[in-house]
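**Q** Okay, handing you the structure first.
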């Protein structure tokens, strides 16, 4: 169910005052980002349980020019059965209904995904990127139209990209107004706002853009498209997570977080989980509030679980591809 | 397979998403303890010393309470044996070339690297500190530290020409200390050629292991000796005549007691270990809170942290701090994912007593100051005033001819002078070094006009005309040599901290200086110039026998310098020195006089531990560059402040 962020009461002027004095200390954030990777670790049963949990956070993604019906179908099947049944049975986890959180595709492939998932008999949501993904450098009108069409085709989550030009030139009010229009165009669909943090220039800008996106009614804020030169990094995540917590303290609304791009190893996934646990707490460790945008990550997690169960390392052909 | 395991199953963890244990093996530490038959003595002169008939203390795992080993408590004779070993080793070690010592220290760093797993495991096991702290911070930094000081030793003949190692250094460590704190004190002492006797509390195995590693290098076995014994042995070490310098690190009260018992030995104190953190409204609060957490709850320093938060961000900062504290993980030290080792019931009770004490405390009452009526005859607040006791003393030359009367300074004059100096201090300290140097330059120019007066003044004291002229000329040079700003020791360094590090020399505050009797003009001017250059404000006591040249200088000082910046008190050195040493609001005291007076100054300064510099009765050649100027003055006249300048966004 879509959360109604802060749609009533506050004016946009009041929101803008929240970000006026923000200053992020970059060296301190980099230091914290370095520490978080070294300070928490999980082993043995804990590692396996955490990795299975990570599977349930994945937005299994394919965003390529050569996507066709057949590889979207394969993706959907993998989303339904992310880990080999025998491996889950060995862990006594086969009845937990472990699937990925969603599948994520380009707007033109939404119909394929909806059809494939229906055929597989499951209700995993379909997420679609939109608004001129990945650069967002198209006119507002077609960007809004893209959202409406994707929703019509059956996407229940829309990953929009923001207009980086507005951030870099400091037009926060205009950015707020644009995201408000995205919000309206989504209707009942979830709005995930991609900040493309690799292109925003500074951590202070990232904090401000996060706040604006949440004020304008986003259900999730997401780090990157996966197409920028720099994608999901820990320093950026720390700044965004602190913005989410500040927004929760100010309004009582919990907004979700989605890192995407470059998260490929099971080990990375564990750090991301502990980062959420440390910065926001256990209540954010659920698919309604945390997602990982990834494609090859799932395979590495499955390999690690294979290793835990059998004591051997699997080759890729032993595990079904996505 | 899963059903045979104890502990929670994957299913359960999947729901709770708890952290699990990440145990590190303690096998290597236990194996090392086994090599000692689980009995730890002392490590002296490259050998284990396990004297019989000593009290034993169990070394316990602070978390489980398991017994790890038993330790023999040292007695005074064991300390003496260690000091003697260090004394013997000193002859050989100090006569080595710097390059030789550098090589030996590098070998010790290598030995630490080779055995680092044993070192961190043992340290974490015996102290309960989080293994991550010891492994990732103490061990690499200890090696870096040794390599750094090896570099210093290598360059020593050039950089510290004319300096001599003092001899045997006694290191006294408190019940809670870190491996790194210990290395910080051992490495520089060894580098310059001193040898070390460390007195550690009983049941601390890591220093013993370190000493063993150093001893097993073969050459120079006696340079590092470790004795474990109780606090009463401290004075036995500190007052041993062969111990030239004592380094103590620990609680304020213990430092005070030590200062009182070992006057006559040079003592360097690092007390309280309480750092002050200021959190202002311009800060990135979350990052600042991370900094506070790192400083206060990371098993790094045994000291506390005093945190001052600007009122406008109080609520925001405290809320963040509370939220962050709920995420701290406490557990067994040898667990790779805890932030702090578990603290015992005693520590908890102590913390609660502090909280209780703070809650009961009334707001501090304002300090009462005796009212001051400025009507004395000393040079205070920029003019000559009648002294508090209305007493004057005659000044005569060697033949008995009377040259004048000077004020007999009293406790009240001292109080006035210190107060005046405090008033002048802030604006003087905030002047740029160049501006301060320019004023000294102007003073030199003004004194040039008085050259004949000053010369005849010195001649009347019994100096030959040539020597008198030379002293005046040299005094003027001393005022001018601070013109070059690079002499002020400001440096900018690039480090790995993301941002340059600026090293500044900060003023000490109000500095009291008791000048020597000899060189009545030169010593006075040299000390005045050095202290003023570094931004201190002064209470000076010129030569007791012949203060007239200094008072001549005051005539010019009153025209040029802000009132109260330089105050000059005359009279009995012993009396004025006593008042200054006992004055708690003078930040530092330099004393050039008798050996007895030096001892008194050290003893009396223990009250608030002001920094002191005394000459122990040794005369100084003020007309020589090495003793009358040089880096020693710079180090004494200022404190070093390091500013890290983080940048980027």
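**Q** (1) modelled with pLDDT of 95 or more; (2) assigned to a loop (DSSP other than H, G, I, E, B): which one isn't true of residue A:231, the others all being true?
**A** (1)
**Q** Right, another one. Look through A:24, A:6 and report the one residue that is surrounded by fewer than 22 Cβ atoms within 10 Å (Cβ to Cβ) and either at pLDDT 95 or above or farther than 30 Å from residue B:24 by Cβ (or both). Full working, then the answer.
**A** Values: A:24 fails: surrounded by fewer than 22 Cβ atoms within 10 Å (Cβ to Cβ).
Exactly one of A:24, A:6 is surrounded by fewer than 22 Cβ atoms within 10 Å (Cβ to Cβ) and either at pLDDT 95 or above or farther than 30 Å from residue B:24 by Cβ (or both), namely A:6.
**Q** Being touching a residue at least 12 places away in the same chain (Cβ under 8 Å), within 13 Å of chain A (Cβ to nearest Cβ) and in contact with a helix residue (DSSP H, G or I) (Cβ under 6 Å, 6 or more places away or on another chain) is the filter here, so list the residues in region B:318-335 that pass it.
**A** B:320, B:324, listed by residue number.
**Q** Just checking, how many residues over region A:220-247 are under 24 Å from residue A:282 (Cβ atoms), away from chain B (no Cβ under 14 Å) and surrounded by 24 or more Cβ atoms within 10 Å (Cβ to Cβ)? Talk me through it step by step, then tell me what you get.
**A** First, pick out the residues of region A:220-247 that are under 24 Å from residue A:282 (Cβ atoms): A:220-223, A:232-247.
The next check asks that each one be away from chain B (no Cβ under 14 Å); those that pass are A:220-223, A:232-233.
Narrowing the set further to residues that are surrounded by 24 or more Cβ atoms within 10 Å (Cβ to Cβ) leaves A:220-223, A:232.
Residues flagged as under 24 Å from residue A:282 (Cβ atoms), away from chain B (no Cβ under 14 Å) and surrounded by 24 or more Cβ atoms within 10 Å (Cβ to Cβ) within region A:220-247 amount to 5.
**Q** Let me ask something else. Limited to region A:248-300, what total is found for residues that are part of a loop (DSSP other than H, G, I, E, B), within 22 Å of residue A:190 (Cβ to Cβ) and touching a residue at least 12 places away in the same chain (Cβ under 8 Å)?
**A** 13
**Q** Would you kindly identify the helices (runs of 4 or more DSSP H) lying entirely within region A:35-130 that contain at least 3 residues that are modelled with pLDDT of 95 or more, more than 22 Å from residue A:160 (Cα to Cα) and within 14 Å of chain B (Cβ to nearest Cβ)?
**A** Values: elements: A:44-55, A:69-80, A:85-90, A:110-119.
Per the criteria, A:44-55.
**Q** Are there strands (runs of 3 or more DSSP E) fully within region B:465-523 with at least 2 residues that are modelled with pLDDT under 90 and more than 30 Å from residue B:595 (Cβ to Cβ)? List them.
**A** On the way: elements: B:491-493, B:501-507, B:510-514.
Ranges flagged: B:491-493, B:501-507.
**Q** Follow-up question, since we're still on this one. Is one or more of the residues making up region B:7-25 farther than 24 Å from residue B:140 by Cβ and touching a residue at least 40 places away in the same chain (Cβ under 8 Å)? Break it down stepwise before answering.
**A** Let us first name the residues in region B:7-25 that are farther than 24 Å from residue B:140 by Cβ, namely B:7-21.
With the extra rule that they be touching a residue at least 40 places away in the same chain (Cβ under 8 Å), the set shrinks to B:19, B:21.
Taking every residue of region B:7-25 in turn, at least one turns out to be farther than 24 Å from residue B:140 by Cβ and touching a residue at least 40 places away in the same chain (Cβ under 8 Å).
**Q** Shifting gears a bit: Inside region A:248-286, can you point out the residues that are touching a strand residue (DSSP E or B) at 6+ places or on another chain (Cβ under 7 Å) and within 11 Å of chain B (Cβ to nearest Cβ)?
**A** A:276, A:284
**Q** Which residues, counting only those in region A:307-320, are within 14 Å of chain B (Cβ to nearest Cβ) and in a helix (DSSP H, G or I)?
**A** Selection gives A:307, A:308, A:309, A:310.
**Q** Does region B:157-174 hold any residues that are modelled with pLDDT under 85, in a loop (DSSP other than H, G, I, E, B) and under 13 Å from residue B:632 (Cα atoms), and which are they?
**A** Result: B:160, B:161, B:162.
**Q** Just to verify a result, which residue in region B:608-645, among those that are free of Cβ contacts under 8 Å to residues at least 40 places away in the same chain and assigned to a helix (DSSP H, G or I), is farthest from residue B:267 (Cα to Cα)?
**A** B:625
So that you can scan it fast, the table gives a plain yes or no per residue for (1) crowded, with 20+ Cβ neighbours inside 10 Å; (2) farther than 22 Å from residue B:298 by Cβ:
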residue: B:139; (1), (2): yes, no
residue: B:151; (1), (2): no, yes
residue: B:155; (1), (2): no, yes
residue: B:173; (1), (2): yes, no
residue: B:225; (1), (2): yes, yes
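The rows are residues; the columns are (1) within 22 Å of residue B:535 (Cα to Cα); (2) crowded, with 17+ Cβ neighbours inside 10 Å; (3) without any contact (Cβ under 8 Å) to a residue 12 or more places away in the chain.
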| residue | (1), (2), (3) |
| --- | --- |
| B:431 | yes, no, no |
| B:437 | yes, yes, no |
| B:448 | no, no, no |
| B:452 | no, no, yes |
| B:466 | no, no, yes |
| B:474 | no, yes, no |
| B:478 | yes, yes, no |
| B:491 | yes, no, no |
| B:498 | no, no, no |
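**Q** Restricting the search to region B:198-222, which residues are assigned to a helix (DSSP H, G or I) and closer than 30 Å to residue B:128 by Cβ? Break it down stepwise before answering.
**A** Let us first name the residues in region B:198-222 that are assigned to a helix (DSSP H, G or I), namely B:205-215, B:221-222.
Within region B:198-222, B:205, B:206, B:207, B:208, B:209, B:210, B:211, B:212, B:213, B:214, B:215 qualify.
Each row is one residue, and each column tells you yes or no for (1) closer than 22 Å to residue A:148 by Cα; (2) touching a strand residue (DSSP E or B) at 6+ places or on another chain (Cβ under 6 Å); (3) within 14 Å of chain B (Cβ to nearest Cβ); (4) modelled with pLDDT under 95.
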| residue | (1), (2), (3), (4) |
| --- | --- |
| A:165 | no, no, no, no |
| A:173 | no, no, no, yes |
| A:183 | yes, yes, no, no |
| A:186 | yes, yes, no, no |
| A:193 | yes, yes, no, no |
| A:201 | no, no, yes, yes |
| A:207 | no, no, yes, no |
| A:210 | no, yes, yes, no |
| A:218 | yes, yes, no, no |
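**Q** Looking at region B:282-293, which of its residues are in contact with a helix residue (DSSP H, G or I) (Cβ under 8 Å, 6 or more places away or on another chain) and facing chain A (nearest Cβ under 8 Å)?
**A** Kept after step one, since they are in contact with a helix residue (DSSP H, G or I) (Cβ under 8 Å, 6 or more places away or on another chain), are these residues of region B:282-293: B:283-293.
Once the filter is applied, which keeps residues that are in contact with a helix residue (DSSP H, G or I) (Cβ under 8 Å, 6 or more places away or on another chain) and facing chain A (nearest Cβ under 8 Å), region B:282-293 yields B:283, B:284, B:286, B:287, B:288, B:290, B:291.
**Q** How many residues does region B:607-649 hold that are within 14 Å of another protein chain (Cβ to nearest Cβ), surrounded by 14 or more Cβ atoms within 10 Å (Cβ to Cβ) and on the phi > 0 side of the Ramachandran plot?
**A** Of the residues in that region, 0 qualify.
**Q** Same structure again: Scanning region A:17-27 for residues that are assigned to a helix (DSSP H, G or I) and more than 25 Å from the chain's Cα centre (by Cα), which turns out nearest to the other protein chains (Cβ to nearest Cβ)? Talk me through it step by step, then tell me what you get.
**A** Filtering region A:17-27 down to residues assigned to a helix (DSSP H, G or I) leaves A:17-20, A:26-27.
Narrowing further to those that are more than 25 Å from the chain's Cα centre (by Cα): A:17, A:20, A:27.
Numbers: A:17: 15, A:20: 13, A:27: 4 Å.
By that ranking, first place goes to A:27.
**Q** Are any residues in region B:180-203 touching a helix residue (DSSP H, G or I) at 6+ places or on another chain (Cβ under 8 Å), over 21 Å from residue B:101 (Cα atoms) and surrounded by fewer than 23 Cβ atoms within 10 Å (Cβ to Cβ), and if so, which ones?
**A** Scanning region B:180-203 gives a single hit, B:203.
**Q** Still on this structure: Can you tell me how many residues within region B:328-362 are outside any helix (DSSP H, G or I) and at pLDDT 70 or above? Walk me through how you get there before you give the answer.
**A** Residues of region B:328-362 outside any helix (DSSP H, G or I): B:328-344, B:361-362.
Still in the list and also at pLDDT 70 or above: B:328-342.
Matching residues across region B:328-362 total 15.
**Q** Ok, one more. Would you mind finding the one in B:604, B:581 that is out of contact with any strand residue (DSSP E or B) (no Cβ under 7 Å at 6 or more places or on another chain), over 30 Å from residue B:500 (Cα atoms), more than 14 Å from chain A (Cβ to nearest Cβ) and in a helix (DSSP H, G or I)?
**A** On the way: B:581 fails: out of contact with any strand residue (DSSP E or B) (no Cβ under 7 Å at 6 or more places or on another chain).
That would be B:604, the only listed residue that is out of contact with any strand residue (DSSP E or B) (no Cβ under 7 Å at 6 or more places or on another chain), over 30 Å from residue B:500 (Cα atoms), more than 14 Å from chain A (Cβ to nearest Cβ) and in a helix (DSSP H, G or I).
**Q** Is region B:370-381 home to any residue that is in a helix (DSSP H, G or I), at pLDDT 80 or above and closer than 23 Å to residue B:589 by Cα? Before you say what the answer is, go through the steps one by one.
**A** Just the residues of region B:370-381 that are in a helix (DSSP H, G or I), to begin with: none.
The answer is no; no qualifying residue exists.
The values are calculated or read from the model by the stated rules, or taken from the named source; none is laboratory data. Just so it is clear, the structure is predicted and the values come from calculations on it, not from any experiment. When we count neighbours, we look across all protein chains shown, and the Cβ atoms used for this are built from the backbone with ideal geometry, even at glycine.
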